[in-house]
Amino acid sequence: MNAINQLLDSLKIEANVHHNGQYCGNWAVDTSGTRQMTFHVVSRGKCFFKFDGEAIELNEGDAVFMPSDAKHCITNLLNSHPAVNQVEALPMTHSLEEESTGLVCGNFAHQHPIFEKLVTQMPKLIVVRHSDQGATRRIIDLILEESQTSGQHTNVLLNRLADCLFYLLVRDSLDTATGVFAALSHPQLCAAMELIHQQSSGQRLSLDELASAAALSRSAFSSLFKEVVEQSPMDYLTQWRMTQAYRWLADEGITTLDAALRCGYENESSFSKAFKRVMGVGPGQARARTEAE
């Protein structure tokens, strides 16, 4: 769906594979605390993933993903707790030790407040096994293949493969019972969602136009939209406008007035209030990202 692609593209998620190496002896790794979606792929051997009071055994080819950056630990020891992040890993290009465990670790960085709402629709932990099938599994296999020949530090190809991995995880793991993605696939609401996401710069959509696209009365449309999306149609329309405006301010560095006009607002003041209410930051703070670069 075009609307789904537009929504994901507006978030501009960038993968960062920050570790590719092998651990020997007794070791433990914890990469939480970045406030980013974290992932680990076992490229060699086996280990234990300790998360939320459980210990999950991971073998070569298995992968784990934590959308909410929860506290965790990966270690070779099941029943003891060595100090975390104290053992230095060897490069995968180094001669492989018989009992070593290879890990490819990274995260998905973002520069958009709406990402936090997306994460709430995903499970706390996603485990992909070596025996699984599908596109996600194939991308992980490519990451594993590349990791065996690349250096200990990140490379461009690993990052781009991880980018693909993110979009597949979102597509396959989102809870589509309620929320934006449920509406995008809903037989009656999908046309209205497409209309919202395809609106041209400066266009002001009305509730009547959205209801007409869904072939429903105003009241029936509003009730169904609120039930599925858990927002009113106009609140979601405003959120999408501000999502676009954030990209224009952060990426293009346009003025607040220009952003207001593109979103269909007649004055800068009304736009700024709506932007701060939806995004949690002011237009100037969003634009400061471009100016800092």
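The values are calculated or read from the model by the stated rules, or taken from the named source; none is laboratory data. All values reported here derive from a predicted model rather than from experimental measurement. When we count neighbours, we look across all protein chains shown, and the Cβ atoms used for this are built from the backbone with ideal geometry, even at glycine. The area values use the complete protein model at the heavy-atom level, side chains included, leaving out ligands, DNA and RNA. Shrake-Rupley method; radii C 1.70, N 1.55, O 1.52, S 1.80 Å.
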* Asked: Using alpha carbons only, how many degrees (0 to 90, rounded to 10) separate the axis of helix 156-173 from the longest principal axis of the chain?
  -> 60
* **Between helix 268-279 and the chain: long-axis angle, C-alpha atoms, 0 to 90°, nearest 10** => 40
* **Size of electric dipole in the chain: Cβ of Lys, Arg +1 and of Asp, Glu -1, about Cα centre, debye, nearest 20** => 760
* To do: For K117, go through the lysines and keep the ones whose alpha-carbon is under 19 Å away, minus same-chain ones fewer than eight residues off.
  => K12, K226, K276
* Asked: What order do L142, L118 take when sorted by accessible area (1.4 Å probe), most exposed first?
  -> L142, L118
* Please give the length that would be gained between C164 and A109 if that part of the chain were fully extended, namely 0.36 nm times their separation in residues minus their C-alpha to C-alpha distance (nm, one decimal). => 18.4 nm
* Cross-link reach list, lysines versus K124, counting only Cα pairs under 21 Å and skipping chain neighbours closer than eight places -> K50, K71
* Asked: Ignoring ligands, DNA and RNA, what percent of the 1.4 Å accessible area of the chain is carbon and sulfur?
  -> 49
* Neighbourhood net charge (14 Å Cβ-Cβ; Lys/Arg +1, Asp/Glu -1) for K226 -> -2
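Test of understanding: what is the full-extension gain from S232 to N59, defined as 0.36 nm times their sequence separation minus their Cα-Cα distance? Before the final figure, lay out the partial values.
Values: separation 173, 0.36 × 173 = 62.28 nm, distance 4.56 nm.
Using 0.36 nm per residue and subtracting the Cα-Cα distance, I get 57.7 nm.
Kindly report the accessible area of the chain per residue (heavy atoms of protein chains, probe 1.4 Å, no ligands, DNA or RNA), in Å².
Per-residue value: 47 Å².
Determine the gain in length on full extension of the stretch S217-K71; use 0.36 nm per residue of separation and subtract their C-alpha separation, reporting nm with one decimal. Don't jump to the answer; show the numbers that get you there.
Working: separation 146, 0.36 × 146 = 52.56 nm, distance 4.72 nm.
Extending this stretch completely gives an extra 47.8 nm.
How charged is the neighbourhood of R241? Take every other residue with its Cβ under 14 Å from the Cβ of R241, and add Lys/Arg as +1 and Asp/Glu as -1.
Working: positive: R204, R247, R262, K273, K276, R277; negative: D235, D258, E266.
Combined, the nearby Lys, Arg, Asp and Glu give +3.
Find the eigenvalues of the gyration tensor of the Cα atoms of region 179-291, then list the square roots of 5 times those eigenvalues as equivalent ellipsoid semi-axes, largest first, in whole angstrom. The partial results should precede the final answer.
Numbers: eigenvalues 154, 35, 28 Å².
Equivalent-ellipsoid dimensions as semi-axes: 28, 13, 12 Å.
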* Structure fact -> The orientation-averaged projected area of the Cα convex hull of the chain, in nm², is 16.8
* Structure fact -> Total charge of the residues flanking Q148 in space, meaning their Cβ is under 14 Å from its Cβ, with Lys and Arg +1 and Asp and Glu -1, is -3
* **Rg in Å to one decimal, and Dmax rounded to a whole Å, for region 127-254 via C-alpha atoms** => 19.8, 60
* Structure fact -> Cα extents of region 3-173 per principal axis, largest first, Å, are 49, 34, 29
